[in-house]
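The values are calculated or read from the model by the stated rules, or taken from the named source; none is laboratory data. Remember, predicted model here, so these are calculated numbers, not experimental data. For neighbour counting, all protein chains shown are included, and Cβ atoms are generated from backbone atoms with ideal geometry for every residue, glycine included. Ligands, DNA and RNA are stripped out before the accessible areas are found, and what is left, the full protein with its side chains, is counted by its heavy atoms. Shrake-Rupley method; radii C 1.70, N 1.55, O 1.52, S 1.80 Å.
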Amino acid sequence: MECVTEIRKLSGGRSLVLLESGLQFPLYARELSDYGLEEGNFVQEETVSRIMDEILIKRARLRAMHLLEQMSRTEFQLREKLRQSYYPDQIIEDAIQYVKGYHYIDDLRYAMSYLENHASVKSLRQMEQELYAKGVAKELVEQAVSESELPDEMSQILALLEKKHYDLSCDDRKEQQRMYGYLMRRGYSRSAISSALRQVEE
């Protein structure tokens, strides 16, 4: 048995129930009433278990499915979305394993799809950094890169130079430096940039 330390209003008619153990979970007003939850009252462990099993597990699974219907997400991104909905860690883990069981999330597949969709406009280094930021493990990013057919940096840089209507023959040092900095910020290596600029000059 433990005390309900706070019931905090959330959006969408929900409230966040906080227990003295640190456990917290969202419920609707009717559910608060059904389980007799009020600030300062004590709640039995059996009641908390029923809330987890009868309400939160099903609701978190449905929420995870809905989020994945909206767009592809990495496991990390899905976890963060569920945390933003105030689900407890054990409920989030159950929802993650549930969608994994149906292969609705697959970070390797996500990484390969990301590389395929962005390879024409982003450098490999830029795509790798973005995948890391999305929570994809380094070994999965490396595997995706090794299994994907990606354009070489030279052709990407030349395409960007053409798109920017860059003409090295203008002999404008400031323009050269600006373009060099632009390509560096996009993650291209110094050697590839220098080679591409020399090729344009020739």
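What tally of residues in the range 69-88 results from selecting those that are open to solvent by 40 Å² or more (accessible area, probe 1.4 Å), part of a loop (DSSP other than H, G, I, E, B) and not small (Gly, Ala, Ser)?
Total meeting the criteria: 2.
Which residues, counting only those in the range 107-157, are more than 15 Å from SER72 (Cα to Cα) and among the β-branched types (Val, Ile, Thr)?
VAL121, VAL141, VAL145, ILE157
What are the residues in the range 94-131 that are surrounded by 15 or more Cβ atoms within 10 Å (Cβ to Cβ), hydroxyl-bearing (Ser, Thr, Tyr) and under 30 Å from ASP53 (Cβ atoms), if any?
TYR98, TYR104
(1) touching a residue at least 60 places away in the same chain (Cβ under 8 Å); (2) within 19 Å of LYS134 (Cα to Cα); (3) out of contact with any Phe, Trp or Tyr (no Cβ under 6 Å at 6 or more places or on another chain): which one isn't true of GLN70, the others all being true?
Unmet condition: (1).
Among the residues of the range 144-165, count how many are in a helix (DSSP H, G or I) and either in contact with a Pro (Cβ under 8 Å, 6 or more places away or on another chain) or under 19 Å from GLY181 (Cα atoms) (or both). Walk me through how you get there before you give the answer.
Restricting attention to the range 144-165, the residues satisfying the condition of being in a helix (DSSP H, G or I) are 144-147, 153-163.
Now restrict to residues that are either in contact with a Pro (Cβ under 8 Å, 6 or more places away or on another chain) or under 19 Å from GLY181 (Cα atoms) (or both): 153-163.
Residues in the range 144-165 being in a helix (DSSP H, G or I) and either in contact with a Pro (Cβ under 8 Å, 6 or more places away or on another chain) or under 19 Å from GLY181 (Cα atoms) (or both): 11 in total.
For the range 34-66, which positions are touching a Phe, Trp or Tyr at 6+ places or on another chain (Cβ under 8 Å), of a type in the set (Val, Ile, Thr) and in a helix (DSSP H, G or I)?
THR47, ILE51
Which count do you get for residues in the range 1-33 that are open to solvent by 60 Å² or more (accessible area, probe 1.4 Å), part of a loop (DSSP other than H, G, I, E, B) and in contact with a strand residue (DSSP E or B) (Cβ under 6 Å, 6 or more places away or on another chain)?
Final tally of qualifying residues: 3.
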